[in-house]
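Only one structure is covered here, and it is reproduced in the block below.
Read the figures in this text as sums done on the coordinates, not as results from a lab. Predicted model, so just to flag it, every value in this text is computed and none were measured. Neighbour counts run over all protein chains shown; Cβ positions are idealised from the backbone, glycine included.
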Amino acid sequence: MRPRHIEYLNELDHKGKVFARGPFAYGTDGLVVYIADAFEEALSLAEKYPHVAMSLRSLVGWSLRSGRSCGKMAGDLIMIRMSLQI
């Protein structure tokens, strides 16, 4: 059985809400880039991430100010960094 956090991200991926996801090279933190209409929507998705909901990870938000990706306007991509809760 897959861990719940992977199932959650797979569900969002299937709905077209995840642009990119994965662990950092050093392996303790990860990154999810959500596709959302507003920061609040991305934050809501991130807060429902199982490790965040269980207070095992904390969130750091970042709004892309410049650049282009996959035909989307820069502000349409919201990155939520998930760090181990200390």
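Would you please give the residues with an amide H less than 5 Å from that of G30, counting only those at least 5 places away or on a separate chain, with H modeled from the backbone geometry? The answer is F24, M82.
FRET efficiency for F24 and K48, Cβ-Cβ distance as r, R0 = 22 Å, nearest 0.05? It comes to 0.55. Using modelled backbone amide H atoms (1.01 Å from N, in-plane), which distant-in-sequence or interchain residues come within less than 5 Å of R57's amide H? Close amide H contacts, sequence-distant or interchain: V52, Q85. Using the Karplus relation 6.51 cos²θ - 1.76 cosθ + 1.60 with θ = phi - 60°, the per-residue 3J(HN,Hα) values for the range 5-20 come to 5, 5, 4, 4, 5, 4, 4, 5, 4, 4, 7, x, 9, 10, 7, 7 Hz, with x marking Gly and Pro.
Distances between placed amide hydrogens fall under 5 Å for A36 paired with I78, all partners being 5 or more residues away or on another chain.
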